[in-house]
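Asker: Can you read through this structure? Questions will come right after.
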Amino acid sequence: MTETIETFSKDCTKLPASTKKYDAFRELKTEIDNMIEIIPLVDALAKPSIRPRHWDEIITMTNCEIPYESDTFTLSELLKAPLLKNKDDIEDIADSADK
């Protein structure tokens, strides 16, 4: 995923300058930049050291239900949570889970 999103980012910067003035381009660029930051968070949350208590902290912090115990838990459900808004705290939780 990281390689793919980085490729999208590079392709975005190679677009003609005339396309960069459109709102659609700016929205796309923002989404790509956000995904570049989110992917490492998702990777950190996928570690086996992340326990239910860590998920509970993240759910409380984000004020968003994350059905991490569900057999049908998907990435799209995780991405609904405001991960970037809480990036530093989520990184701290993931780091402390490794200790």
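Asker: Collect the residues in segment 78-95 that are under 11 Å from the mean Cα position of the chain (by Cα) and of a type outside the set (V, I, T), keeping them in residue-number order.
Answerer: The answer is L78, L79, K80, A81, P82, L83, L84, K85, N86, K87.
Asker: May I ask you to verify whether S49 is of a type in the set (S, T, N, Q) and not in a helix (DSSP H, G or I)?
Answerer: Yes; evaluated as a whole, the condition is true for this residue.
Asker: Please go through segment 2-39 and give me each residue that is in contact (Cβ under 8 Å) with a residue 40 or more places away in the chain and loosely packed, with under 14 Cβ neighbours inside 10 Å, ordered by number.
Answerer: Once the filter is applied, which keeps residues that are in contact (Cβ under 8 Å) with a residue 40 or more places away in the chain and loosely packed, with under 14 Cβ neighbours inside 10 Å, segment 2-39 yields only E37.
Asker: The conditions are (1) more than 26 Å from E3 (Cβ to Cβ); (2) among the charged types (D, E, K, R); (3) not in a loop (DSSP other than H, G, I, E, B), and D95 fails exactly one of them. Which is it?
Answerer: Against the list (1) more than 26 Å from E3 (Cβ to Cβ); (2) among the charged types (D, E, K, R); (3) not in a loop (DSSP other than H, G, I, E, B), D95 comes up short only on (1).
No value in this document is a laboratory result; all are computed from the given coordinates. Treat the numbers as computed from the prediction; the structure is a model and nothing was measured. FYI the Cβ positions are ideal-geometry reconstructions off the backbone, even for glycines, and counts take in every protein chain you see.
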